[in-house]
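Novice: Okay, handing you the structure first.
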Amino acid sequence: EAQVTQNPRYLITVTGKKLTVTCSQNMNHEYMSWYRQDPGLGLRQIYYSMNVEVTDKGDVPEGYKVSRKEKRNFPLILESPSPNQTSLYFCASSLSGSREQFFGPGTRLTVL
Amino acid sequence: EDKVVQSPLSLVVHEGDTVTLNCSYEVTNFRSLLWYKQEKKAPTFLFMLTSSGIEKKSGRLSSILDKKELSSILNITATQTGDSAIYLCAVDGNKLVFGAGTILRVKS
């Protein structure tokens with residue numbers, strides 16, 4: 001089944017404790033992206049990747065890191081999480097040149 | 001700054017009603033407008049509208065792009081409780097920008 005998977009789905013952590021949210025897709029998509037969704041603000045792009053070893057900042061990259069060592073994986077790293085990073089996070093992927101993105105199930109992160 | 005504004009923010013209708021959701025945008029180098037439906041968690045793709053395809057229809061859902069007015073509408077006829085969701089509009093210009101969404105609740 002073609003899908004985007006994220007782990008974990010729910011995470012409660014404390015300020016300053018490094019964490020990684022994994023994202024994997026099995027559709028051989030070149031483009032992958034991370035979004036956060038907050039009430040009243042819609043989806044805001046954090047980082048995106050056009051292909052392996054190519055990443056770029058989105059609208060709200062501060063406090064986040066990403067890497068794209070393999071085509072299928074695009075992990076999101078929070079080196080020192082803070083409470084303002086409490087949010088619902090989505091990973092998405094698409095074929096290069098297509099804006100029809102496939103979204104993962106989301107990760108609900110709470111930083112205390 | 002690119003922006004996408006959706007209206008209304010939320011609405012409640014009864015089964016069988018017809019609804020119209022609005023999306024207006026200001027983006028640089030417009031390429032396409034996309035509609036997504038978000039039930040419970042992950043958004044799922046509905047339509048993509050471009051300059052060469054300004055009207056799309058799928059079952060009870062249809063969408064029109066008005067490039068002069070820089071806007072789009074999403075119509076849902078004969079609504080069902082399963083249509084309850086957040087409807088997201090996104091516009092692809094120099095970057096992909098999402099609106100805040102319209103929360104639709106269909107009561108039985």
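Novice: If we scan the range A:32-47, do we find a residue that is more than 19 Å from B:D2 (Cβ to Cβ) and either open to solvent by less than 70 Å² (accessible area, probe 1.4 Å) or within 10 Å of the chain's Cα centre (by Cα) (or both)?
Specialist: Yes, some residue in the range A:32-47 is more than 19 Å from B:D2 (Cβ to Cβ) and either open to solvent by less than 70 Å² (accessible area, probe 1.4 Å) or within 10 Å of the chain's Cα centre (by Cα) (or both).
Novice: Across the range B:55-96, what is the total count of residues that are in contact with a Lys or Arg (Cβ under 7 Å, 6 or more places away or on another chain) and modelled with pLDDT under 95?
Specialist: Residues flagged as in contact with a Lys or Arg (Cβ under 7 Å, 6 or more places away or on another chain) and modelled with pLDDT under 95 within the range B:55-96 amount to 3.
Novice: Suppose we filter B:K37, B:K68, B:K41, B:K3 for residues that are without any contact (Cβ under 8 Å) to a residue 12 or more places away in the chain and closer than 20 Å to A:R44 by Cβ; which single one remains? Break it down stepwise before answering.
Specialist: Working: B:K37 fails: without any contact (Cβ under 8 Å) to a residue 12 or more places away in the chain; B:K68 fails: closer than 20 Å to A:R44 by Cβ; B:K3 fails: without any contact (Cβ under 8 Å) to a residue 12 or more places away in the chain.
Sole residue among the options that is without any contact (Cβ under 8 Å) to a residue 12 or more places away in the chain and closer than 20 Å to A:R44 by Cβ: B:K41.
Novice: Here's a follow-up. For the structure I just gave you, tell me whether A:R68 is of a type in the set (D, E, K, R) and crowded, with 19+ Cβ neighbours inside 10 Å.
Specialist: Against the criterion (of a type in the set (D, E, K, R) and crowded, with 19+ Cβ neighbours inside 10 Å), A:R68 qualifies.
Novice: If you go through the range B:48-70 one residue at a time, how many are closer than 16 Å to B:S32 by Cβ and open to solvent by less than 30 Å² (accessible area, probe 1.4 Å)?
Specialist: Count: 4.
Novice: May I ask you to list the residues in the range A:78-110 that are more than 9 Å from chain B (Cβ to nearest Cβ) and either in a helix (DSSP H, G or I) or open to solvent by less than 10 Å² (accessible area, probe 1.4 Å) (or both)?
Specialist: Residues satisfying the conditions are A:L78, A:P81, A:P83, A:N84, A:Q85, A:S87, A:Y89, A:C91, A:S93, A:S94, A:T107, A:L109.
Novice: May I ask you to list pairs of residues, at least six apart or on different chains, whose Cβ atoms are under 6 Å apart, with the first in the range A:14-42 being away from chain B (no Cβ under 14 Å) and the second being part of a strand (DSSP E or B) and among the polar types (S, T, N, Q)?
Specialist: Short answer, once both residue conditions are applied: A:L19/A:T13; A:V21/A:T107; A:T22/A:N7; A:S24/A:T5; A:S24/A:N73; A:E30/A:N51.
Novice: Being within 14 Å of another protein chain (Cβ to nearest Cβ) and of a type in the set (S, T, Y) is the filter; apply it to the range B:73-108 and report the residue that is surrounded by the most Cβ atoms within 10 Å (Cβ to Cβ).
Specialist: Selected residue: B:Y87.
Novice: Given the structure, is B:E26 closer than 23 Å to A:F90 by Cα, away from chain A (no Cβ under 11 Å) and charged (D, E, K, R)? Walk me through how you get there before you give the answer.
Specialist: Values: closer than 23 Å to A:F90 by Cα: no; away from chain A (no Cβ under 11 Å): yes; charged (D, E, K, R): yes.
The answer is no for B:E26.
The values are calculated or read from the model by the stated rules, or taken from the named source; none is laboratory data. Given the structure is predicted, the values throughout are model-derived calculations rather than measurements. All Cβ positions, even for glycine, are placed from backbone atoms using ideal geometry, and neighbour counts span all protein chains on display. We work out accessible area using only protein heavy atoms, side chains counted, and drop any ligands, DNA or RNA first. Shrake-Rupley method; radii C 1.70, N 1.55, O 1.52, S 1.80 Å.
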